[in-house]
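The values are calculated or read from the model by the stated rules, or taken from the named source; none is laboratory data. Computed from a predicted structure; not experimentally measured. No Cβ is skipped: glycine too gets one built from the backbone with ideal geometry, and neighbour counts run over all protein chains shown. To get the accessible areas, we keep the full protein, side chains included, count just its heavy atoms, and leave off ligands, DNA and RNA. Shrake-Rupley method; radii C 1.70, N 1.55, O 1.52, S 1.80 Å.
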Amino acid sequence: MTDATAPGAVPSGAGQGSLLARDTRTAKRNAAEGRFKIYGLVAVCIGIAALIVLLTSILTSGLSAFRQTTIDMQVTLDEERLDPSGARDYDEMARVTTFGYAPLLRDGLQATIAAAGIEADLDPGDAMDLISDESIAQLRNRVLDNPDLVGQTIDLTVLASGRIDGFYKGRVSYASAELDSNVSPEQLRLAEALEERGALRTGLDWRFLTAPDASDTRPEAAGLGVAILGSAYMMLIVLVLALPIGVAASIYLEEFAPQNRWTDLIEVNISNLAAVPSIVFGILGLAIFINFAGLPQSAPIVGGLVLTLMTLPTIIIATRAALKAVPPSIRDAALGLGASKMQSVFHHVLPLAMPGILTGTIIGLAQALGETAPLLLIGMVAFVREYPDTPLDGGFFDPATALPVQVFNWTQRSDPAFVERASGAIIVLLAFLLLMNLTAVFLRRRFERRW
Amino acid sequence: MNDMRHVERTVRVDTTKITARDVQVFYGDTHAIRNVSVDIPDKTVTAFIGPSGCGKSTFLRCLNRMNDTISVARVEGRIEIDGEDIYDRRVDPVQLRAKVGMVFQKPNPFPKSIYDNVAYGPRIHGLARDRADLDGIVEKALRRAALWAEVKDRLSAAGTGLSGGQQQRLCIARAVATSPEVLLMDEPCSALDPIATDQVENLIHELRENYSVVIVTHSMSQASRVSQKTAYFHLGELVEYGETGQIFTNPQDERTENYITGRIG
């Protein structure tokens, strides 16, 4: 108002002349607005295109991880080999290593080949390479768990080896097999023959989600079981620790703390902490939780604590923003009625801030779920095949890995089959993140709709 | 201004409810209230008028120590209610505010049901022995606020879903429900249309029977309609304080006269 009414400041043309003719200034402004809209649209399109490319590449290379090539056969569990003493004593039977079991599978496969009427010019040892080494160990574990199986002939579905699996997923071809020392065209031919007779098939297999990690040479058996458990345990720890601590800290800082140099300092530092590279938190965790407090390495408890430290600033900032957004009139109303400060916060302010707090917490959790760097430093990158116990049995202190670390780990391995495994793990990770974000949206809607 | 029949309004000042002596309020370095001394009688409506930023709301908020919530605000001087210094160190502002209720400029019902809005004060102060008792208190408060007839069938509906005027009356009911002795109103009608304003003004008339009401208003006609005593604030000072009729018909101070005749403000 003031500059419009200032004497002599009325520009000629503004507000004068015909409304039907657009003056140059208006035309310019409209053009600028049009250009800006186009910039924005282009930016959005680039973003969407990048997202589509990313998702397509991950899905195309990763979805096959959920499919697995298997071979059906009958195996006779020969008592002579597996339990010479006949006493079904665990310790006695455990002396028979996988070398003792391999011939059983080899014979079983030969029998299957013979029964199918396939004329294979492969010696039994080469034919045996169709079967994953992991399957021999699995058979041994199964027998040791059920000693009664010894002496019986059982139906068995075994994992095909990585190269055969790759043949059915398009990674391996006859041409590449010529050059590959791990697989020969004859073996591929045998696999095709078995498939025609229905003994070999490729289908959905959830073992990718449940099985533990496997060694470099057995990509077909590598699974995410331990990593999913480890990540779940860490999320549990982060939620249980970071939510109450973060919310309590925010409420204190926002509602109760006096405004002075100390609280200013704390505020600045919280904002700065949110920007600290996560690997620094890993070093902190290594120094404090492992070297000083003596907690075990690779354990979800340490990972959870480190991620809690990392998530706290996010939660505090989000919670404070949510508390700030509650209109002061609500506080005034409660205080004016004679409510104490705490009553006004817990009865009125906190319920109104809840959607924002929950959203912030879940975003913090999602951030923690995808975090890799600090976990590398506290040893969660280790090769762990044992499932951690349930939390009640001290599972938080057992070694485990985490989803993003598992991705990192697999991408470093040489066998191309691990590319598929890593992409599959990324799909799982993204699915969890999507689930968490949907939960955040749902909770926000739910709490906002109340009034 | 002369036909407002102020003269026929008699003021029965029985007792003094609030006494303020040499009150100073500072917001940081700003001296917002200077040397205000005033005696506010019981069972009377006292209006604070004055141009924007003159400190009338600030002074009102001193009376129930709402200024305590602003960290930079500092109050000096002495304010007594029934002879007790409310800024005494032994006084808990929470207890004080149960005795001195407040209605704000903008209707600010809690985002809860109408019933819970009114019942909140009695609940936190433990005024009701059981549910039936609480129901009675809520009904009485809503009746006092002339809202009962409109909301009695939807007490569980959201308080924020009412119209502006209803919301403000709900806030008055909420303040009344804790049985305060003094009711402070900070421009209670500034967000309301004329009809709702009329309802709230009638209500203020009735509330006078039980409470000492202090109302801050921008509208001089409202002050002359509802109040028996009027105080004119100007730039943080209490310029003139007297019976409403006298202030509006025969102001002693030139600044008051300028304001009520529309020359400033």
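Descriptive notes on the structure:
- Degrees between helix A:350-369 axis and first principal axis of chain A (Cα, 0 to 90, nearest 10): 40 degrees
- Peptide B:114-122 - average C-beta neighbours from other chains (10 Å radius): 2
- The calculated 222 nm mean residue ellipticity attributable to helices in chain B amounts to -10000 deg cm²/dmol, summing -39500 (n - 2.57) over DSSP H runs of n ≥ 4 and dividing by all residues.
- Inter-chain shielding of B:101-109 (mean C-beta neighbours from other protein chains, 10 Å cut-off): 4
- Using alpha-carbon coordinates, inclination of helix A:261-274 to the longest axis of chain A, degrees: 40 degrees
- With R₀ fixed at 35 Å, the C-beta to C-beta distance from A:VAL42 to A:GLN367 puts the FRET efficiency at about 0.75.
- 10 Å Cβ shell holding at most 10 others, DSSP loop, trypsin sites (Lys or Arg not before Pro): longest site-free stretch of chain B: B:130-262
- Residue with peak Gaussian network fluctuation, chain B [Cα springs, cutoff 10 Å], from B:SER52, B:SER113, B:SER71: B:SER71
- Alpha carbon Rg of chain A, scaled by the compact-globule rule 2.2 N^0.38 Å: 1.41
- Within the shell of other residues whose beta carbon sits under 13 angstrom from the beta carbon of A:ALA94, the net charge comes to -2, with Lys and Arg scored +1 and Asp and Glu -1.
- Residue list for the stretch A:203-242, given a label point 7 angstrom along the Cα-to-Cβ vector of A:THR98 and an amide N cut-off under 15 Å: A:212-223
- Among beta bridges from DSSP that stay inside the protein assembly as shown, the antiparallel ones total about 70%.
- FRET efficiency estimate (nearest 0.05) - Cβ-Cβ, A:SER18 to A:GLU448, R0 60 angstrom: 0.75
- Between 0 and 90 degrees, the angle of helix B:114-125 with respect to the longest Cα principal axis of chain B falls at about 80 degrees.
- Among the listed pairs B:LYS152/B:LYS229; B:LYS17/B:LYS152; B:LYS17/B:LYS140; A:LYS324/B:LYS140; A:LYS341/B:LYS56; A:LYS37/B:LYS106, a Cα-Cα separation exceeding 32 Å is found for B:LYS152/B:LYS229; B:LYS17/B:LYS152; A:LYS324/B:LYS140; A:LYS37/B:LYS106.
- Residue of B:VAL72, B:VAL38, B:VAL151 that the Gaussian network model of chain B assigns the largest fluctuation, springs spanning Cα pairs under 10 Å: B:VAL72
- Using a probe of 1.4 Å, the accessible surface attributed to A:GLU186 totals some 70 Å² when neighbouring protein chains are kept in position.
- Only one residue of B:MET102, B:TYR115, B:PRO41 has its Cα farthest out toward the positive end of the dipole of the stretch B:21-116, where Lys and Arg carry +1 and Asp and Glu -1 on Cβ, and that residue is B:TYR115.
- Placing R0 at 56 angstrom, the Cβ-Cβ distance between B:LEU127 and A:TRP262 gives a FRET efficiency of 0.90 after rounding to 0.05.
- Under 13 Å, Cβ to Cβ, from B:ALA149 - net charge with Lys/Arg +1 and Asp/Glu -1: +2
- Pairing chain A with chain B buries about 1800 Å² of accessible area. This figure sums both sides and uses a 1.4 Å probe.
- Relative contact order, percent, chain B [alpha-carbon distance under 8 Å, six or more residues apart]: 28 percent
- Most mobile listed residue (B:SER224, B:SER156, B:SER57) in chain B, GNM with C-alpha springs under 10 Å: B:SER156
- Solvent-free Debye scattering, log10 I(q)/I(0), computed from the Cα coordinates of the stretch B:1-156 at q = 0.11, 0.14, 0.15 Å⁻¹: -0.61, -0.93, -1.03
- Heavy atoms of A:ASP78 accessible to a 1.4 Å probe, total area in Å² rounded to 10: 60 Å²
- Remark on B:GLU240: its backbone amide H falls under 5 Å from those of B:TYR232, a criterion applied only to residues 5 or more positions apart or on other chains, H modelled at 1.01 Å from N.
- Charge dipole (debye, nearest 20) of chain B; +1 at Cβ of Lys and Arg, -1 at Cβ of Asp and Glu: 580 debye
- Using a cutoff of 8 angstrom between alpha carbon atoms and counting only pairs six or more residues apart, the relative contact order for chain A works out to 18 percent.
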